[in-house]
1. Assess whether G186 counts as being surrounded by fewer than 23 Cβ atoms within 10 Å (Cβ to Cβ), modelled with pLDDT under 95 and closer than 30 Å to A256 by Cβ.
2. Tell me, which residue of the range 115-172 that is touching a helix residue (DSSP H, G or I) at 6+ places or on another chain (Cβ under 7 Å), β-branched (V, I, T) and farther than 23 Å from G209 by Cα is surrounded by the most Cβ atoms within 10 Å (Cβ to Cβ)?
3. Which number in (1) within 23 Å of N23 (Cβ to Cβ); (2) at pLDDT 95 or above marks the one condition that Q68 misses?
4. Please go through the range 98-110 and give me each residue that is modelled with pLDDT of 95 or more and either open to solvent by 40 Å² or more (accessible area, probe 1.4 Å) or among the hydrophobic types (A, V, I, L, M, F, W, C) (or both), ordered by number.
5. Output the qualifying pairs, or none if there are none: Cβ atoms under 8 angstrom, residues six or more apart or on different chains, first residue in the range 134-159 and over 19 Å from S40 (Cβ atoms) and outside any helix (DSSP H, G or I), second residue open to solvent by 10 Å² or more (accessible area, probe 1.4 Å) and modelled with pLDDT of 95 or more.
Amino acid sequence: MTLTPVEPLPEREVRVRAPGKINLSLRVGAREEDGYHPLSTVFQAVSVFEEVVATPSSDRTLSVAGVQADVVPTDGTNLALRAVEVLAGHVGVDEGVHLHLEKGVPVAGGMAGGSADAAAALLACDTLWATGLSRAELIEIAAHVGADVPFLLMGHTAVGQGRGHLLTPALTRGDFHWAFAVQDRGLSTSDVYTRFDELHGGVPGPPDGQDDVPLMHALRAGDPHALGAALHNDLQMASLDLDPMLAEPLAVAEDAGALGVIVSGSGPTVAALARSRQHALALAAAFTASGVADRVLTASGPVAGARVVSSD
Ligand code: ATP
């Protein structure tokens, strides 16, 4: 009898894509006793993407490729590996996994690239391990990984309260077009909050989302001019105080006719709202020509949250 050699099973691979985000509005209350600041924010997911490929492995390991890959930690402090630990603990799985991250979102840029990786890793491992969790359960688990992670699973446009993790989807019409001035130097989110405390400290208690009524109307009407006028970031002054050079891309975007321009989250990425896709390219060209950005990106939003791209 001849034995037919058994072909090894092809290695399973799950590829997930997750977007970065900008905060169309970020309102920050005074620091609370636990050290956190209550927020009222309006997130929009934009077409700048992270990809995470998960393959079975004996350990839990991670590799990184893409722009600025060299400054991303590959140990247990990486948010994607933290997400795997949280999910595995929750569903009682002790399997290993290798995660390969392909970075497209600027690192430490205020666009939540690390949280996007965490959202993608959660969905990839959930698929690989066939946990049977609902999307709502996964979003709940995501909140234990980081405040921005639930939104990056959900995507589109949403109001975030609490630490940003209590989400309500927002009605929007059409696409909005953005140009981003990206800096190689990052800004630490915790440094920006510390400077925010030193500068004005915020009003005690949760910030009032009522201030964003004009912004919500603009989104619902699909009116980029009204949206541009309604963009708001309570952290902008603190980011500018830590990195005064950020005034330059803000001024360049205004001169080039941006409908609104804002520091994205804690910065240092500057987001400029354009009239059209063509105008977003013109704004990006203005950033490049004036030498106020290390890199430029254009994108549109809203886009969906983390999605499985392939699973085989
Ligand atoms: P946020 O907008 O949520 O404040 P950010 O976009 O400013 O985040 P990230 O790129 O998410 O910043 O990462 C901030 C820091 O976290 C990095 O400087 C890095 O040391 C660490 N980090 C942990 N995991 C990751 C990851 N997967 N990708 C990038 N940085 C990570």
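The values are calculated or read from the model by the stated rules, or taken from the named source; none is laboratory data. Everything numeric here is computed off the predicted structure, so don't read it as measured data. Here the Cβ is made from the backbone with ideal geometry for all residues, glycine too, and neighbour counts use every protein chain on show. Surface accessibility is based on the protein's heavy atoms, side chains included, excluding ligands, DNA and RNA. Shrake-Rupley method; radii C 1.70, N 1.55, O 1.52, S 1.80 Å.
1. Spelling it out, G186 is indeed surrounded by fewer than 23 Cβ atoms within 10 Å (Cβ to Cβ), modelled with pLDDT under 95 and closer than 30 Å to A256 by Cβ.
2. The residue in question is V145.
3. Of the numbered conditions (1) within 23 Å of N23 (Cβ to Cβ); (2) at pLDDT 95 or above, the odd one out for Q68 is (2).
4. H98, L99, H100, L101, E102, V105 - these are the residues of the range 98-110 that are modelled with pLDDT of 95 or more and either open to solvent by 40 Å² or more (accessible area, probe 1.4 Å) or among the hydrophobic types (A, V, I, L, M, F, W, C) (or both).
5. Hits for this filter: G155/P302; G155/V303; G155/A304.
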